[in-house]
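Q: This structure is in structure tokens; I'll ask about it shortly.
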Amino acid sequence: MKLLDMKGFIIFTLLFVAANAVPFLDKLREPHAGKTWVVLAASSEGWDNYGMEADVYHAYQVVRKHGIPDENIIVMHYDDIAHHKSNPTPGVVVNRVNGTDVYKTPYEVPKHYTGKEVTVENFLGILKGDPKLEKAGKKVLKSGPNDRVFVHLNDHGGDEVVFFPNFETTLSAKDLNDALIEMHKQNKFAQLVFYLAACEAGSMFAKLLPNDINVYAITATKPGELGWKAESDHGTYDTWVATFFTVVWLDDSEKSDLTKELISGQYDYFVEHNNFTMDGSHYSQHAQQYGDLSIAAKQHVSDYQGDKKAPKVHSGAYKPSGFAPIRGSQLFKLQSLIKNTNDADQKSQYVSQLNALLNNRQVLDKQIDEYVRQLPAIDANIALNGKLELNNRDCYKKLIDTFNQKCYGFSKNTYAINKLGSYYIESQQYKYCNMY
């Protein structure tokens with residue numbers, strides 16, 4: 001009898017599972033119970049950085065077209081290019097050569113945080129849902145434990161730092177990751193996906209982002225690697241109207257069925273399109289991924305960028321052109337103008353501008369060299385030329401913020417970012433932090 005009872009139990013269990021298998025699978029396919037929130041930020045300013053703001057405007061159009069409601073989107077941008085004195089089409093911003101407006105078409109980009117409101121404090125406050133900002137009438141994330149959050153930040157970067165236009169402080173890797181950890185502890189999301197476009201962007205997450213807080217990050221570049229501008233439009237706008245990483249990202253999001261494409265698939269698309277050819281030479285920037293990789297393997301792009309089907313802009317892969325290194329774009333531009341200009345007077349002017357730029361760089365090199373060499377108990381050769389492990393991040397941030405405020409203004413003087421390694425060895429000596 002016991003054997004028969006056991007067989008009967010097994011048969012009953014199998015029948016129960018079979019009867020409930022379809023409803024269970026349907027349950028997996030049900031829409032996510034929470035909301036999707038999107039934060040888009042271009043923490044840069046000026047005509048030379050046109051492409052970074054244009055990228056964010058274009059990203060706003062893409063997520064809106066894919067059904068993310070405007071009330072769930074927060075946009076931070078300096079808002080100085082649409083009506084900039086250098087803009088030949090006032091009120092219009094493009095993100096492709098010969099492209100259409102992305103500033104007001106088809107949706108007008110909101111101005112939640114603009115101008116002097118583009119600060120590190122406000123960016124982190126948005127993410128953490130700062131009640132002080134909300135009380136002041138500013139929009140912040142109101143996400144909860146069932147919600148998904150997508151964040152895109154586009155700016156100049158250095159080793160474990162992203163620069164903002166107001167020179168008061170910089171966004172350090174430690175502060176960013178601490179904010180994400182705090183958000184996790186406060187149940188501010190079910191999962192969070194972060195796309196960071198900046199030079200050396202991988203350094204913001206490589207050593208500090210945990211893999212168990214439901215956060216997944218893609219960066220445009222690996223640690224120590226410079227990024228590229230794209231879409232040179234020197235015929236009309238006299239600048240680069242996009243950055244390479246974001247061109248590739250938005251190209252994929254505009255032509256793909258986001259409900260079928262896994263986030264890992266979009267990452268693979270970045271990796272596949274990392275390379276480009278310019279003037280017969282091959283170049284690359286290498287997208288990286290960090291954090292909880294299972295998010296990318298299991299969830300679709302539509303979970304973070306919208307699941308509404310939008311008209312395809314094109315079907316094939318878009319091939320950007322007109323590249324320049326982000327930190328050296330002005331040098332690159334002048335060299336190109338000298339090479340391609342036949343007018344002798346015009347060429348002479350460009351040569352003078354190039355010499356002035358190179359002289360300024362030499363002055364900066366000399367200042368940094370003299371500063372480091374006068375510090376006691378510092379090996380100047382290692383400080384200036386070596387690569388050390390960063391182990392005192394608080395001091396490192398204090399040194400960078402001080403020089404950012406009082407000396408160079410890194411977001412406007414991007415060549416100076418190349419000298420951040422000089423602060424490594426200083427940050428190992430705690431006494432130098434007390435000098436500032």
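Q: Mind ordering 354-361, 181-188 by average Cβ neighbours within 10 Å, highest first?
A: My ranking of the peptides, most packed first, is 181-188, 354-361.
Q: In region 312-342, whose amide N lies under 19 Å from the spot 7 Å out along Cα-to-Cβ of Met278? List them in ranges.
A: So the set is 318-341.
Q: Give me the distance in nm between label points sitting 7 Å out from Cα along the Cα-to-Cβ direction at Gln186 and Gln335, one decimal.
A: 4.6 nm
Q: For the cross-link pairs Lys333/Lys406; Lys104/Lys138; Lys65/Lys222; Lys174/Lys419; Lys138/Lys298; Lys188/Lys397, which exceed 25 Å when the distance is taken from alpha carbon to alpha carbon?
A: Lys333/Lys406; Lys65/Lys222; Lys138/Lys298; Lys188/Lys397
Q: Then there is this: If you add up the charges near Lys111, with Lys and Arg at +1 and Asp and Glu at -1, over every other residue whose beta carbon is less than 10 angstrom from its beta carbon, what do you get?
A: -3
Q: Here's another thing I want to ask about it. Using a simple spin-label model with points 7 Å from Cα along the Cα→Cβ vector, what separation in nm is obtained for His83 and Lys142?
A: So the label points at His83 and Lys142 sit 2.9 nm apart.
Q: Of all accessible surface on region 145-189 at a 1.4 Å probe, what whole percent is carbon and sulfur?
A: Carbon with sulfur: 39 percent of the solvent-accessible area.
Q: How much accessible surface area, in Å² rounded to 10, belongs to the heavy atoms of His234 with a 1.4 Å probe?
A: Around 70 Å² of this residue is reachable by solvent.
Q: Roll a 1.4 Å probe over the protein chains and send me the accessible area per residue for region 209-268 in Å².
A: On the way: 1740 Å² over 60 residues.
Per-residue accessible area for region 209-268 comes out at 29 Å².
Q: Would you kindly derive the ³J(HN,Hα) couplings of region 119-124 from the backbone phi angles with the Karplus curve 6.51 cos²θ - 1.76 cosθ + 1.60 (θ = phi - 60°), listing them in order in whole Hz, with x for Gly and Pro?
A: Couplings: 10, 4, 4, 6, 4, 5 Hz.
Q: Using a 1.4 Å probe, what is the accessible area per residue for region 96-136, in Å²?
A: 55 Å²
The values are calculated or read from the model by the stated rules, or taken from the named source; none is laboratory data. All values derive from a computational prediction rather than experimental measurement. Note that each Cβ is placed from the backbone with ideal geometry, even for glycine, and that neighbours are counted across all protein chains shown. Ligands, DNA and RNA are excluded from the accessible area calculation, which covers all protein heavy atoms including side chains. Shrake-Rupley method; radii C 1.70, N 1.55, O 1.52, S 1.80 Å.
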